[in-house]
1. Between ASN73, ALA96, LEU118, whose Cα lies farthest towards the positive end of the dipole of the chain when Lys and Arg beta carbons carry +1 and Asp and Glu beta carbons carry -1, centred on the Cα centre?
2. Which residue, ASP72, ASP61, ASP89, tops the fluctuation ranking in a GNM of the chain built on C-alpha contacts under 10 Å?
3. Let's see if you can work this out: charge +1 on each Lys and Arg Cβ, -1 on each Asp and Glu Cβ, no other charges. What is the dipole magnitude of the chain about its Cα centre, in debye to the nearest 20?
4. Using a 1.4 Å probe on the protein chains only, how many percent of the accessible area of the stretch 1-73 belongs to carbon and sulfur?
5. Calculate one ³J(HN,Hα) per residue across the stretch 26-38 by plugging θ = phi - 60° into the Karplus curve 6.51 cos²θ - 1.76 cosθ + 1.60, and present them in order as whole Hz with x for glycine and proline.
6. Karplus couplings for the stretch 94-108 from phi (6.51 cos²θ - 1.76 cosθ + 1.60, θ = phi - 60°), rounded to Hz, Gly and Pro as x?
7. Taking K and R as +1 and D and E as -1, what net charge do the other residues with C-beta under 15 Å from the C-beta of GLY26 add up to?
8. If you take the Cα Rg of the chain and divide it by 2.2 N^0.38 Å, with N the number of residues, what do you get?
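The values are calculated or read from the model by the stated rules, or taken from the named source; none is laboratory data. All of these numbers come straight from a predicted model, not from anything done at the bench. Using ideal geometry, Cβ is built from the backbone for each residue, glycine included, and neighbour counts are taken over all protein chains shown. With ligands, DNA and RNA removed, areas are computed over all heavy atoms of the protein, side chains included. Shrake-Rupley method; radii C 1.70, N 1.55, O 1.52, S 1.80 Å.
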Amino acid sequence: VQLQASGGGLVQTGGSLRLSCAASGGTFSSYTVGWFRQTPGNEREFVSAISWSGGSTFYADSVKGRFTISRDNAKNTVYLQMNSLKPEDTAVYYCAATTRATMTRRSSLYEYWGQGTLVTVSS
């Protein structure tokens with residue numbers, strides 16, 4: 001499966017953005033999908049994950065209550081709605097997919113990765 005992340009941009013503190021992860025190839029509805037982010041010099045950090053059906057979601061403590069992950073399997077797309085953005089949310093955001101049935105925060109367990117989209121939150 002190929003993943004294409006989009007929707008990043010520049011936003012002020014307190015603003016919102018919605019990221020999209022569009023998939024092609026494979027049976028997208030069978031994949032668990034996660035979002036990760038990375039800043040220069042740091043390891044990739046888990047943000048959120050969603051089960052294949054969309055019935056279960058999982059968030060990092062740093063974004064809980066502000067970010068919402070969802071998916072539309074008919075459109076082969078996963079979304080990350082980001083509200084109340086903070087400067088520390090600034091990063092390149094990546095979507096990833098795994099054939100594992102259980103959600104995981106471990107980036108090494110995701111087999112497929114998108115190219116990343118830059119989110120910049122100004123103070």
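1. Value computed over the given set: ASN73.
2. ASP61
3. Numbers: 11 positive and 7 negative charges, 34 e Å.
The dipole magnitude comes to about 160 debye.
4. On the way: 1600 of 3530 Å².
With neighbouring chains kept in place, the figure for the stretch 1-73 is 45 percent.
5. x, 9, 4, 5, 9, 9, 7, 10, x, 10, 10, 9, 8
6. Per-residue couplings from phi come out as 10, 9, 8, 10, 9, 7, 5, 6, 9, 6, 9, 8, 7, 4, 5 Hz.
7. Working: positive: ARG71, LYS75, ARG100; negative: GLU111.
Around GLY26, the surrounding residues sum to +2.
8. Working: Rg = 13.2 Å, N = 123, 2.2 N^0.38 = 13.7 Å.
Scaled against compact globular proteins, the figure is 0.97.
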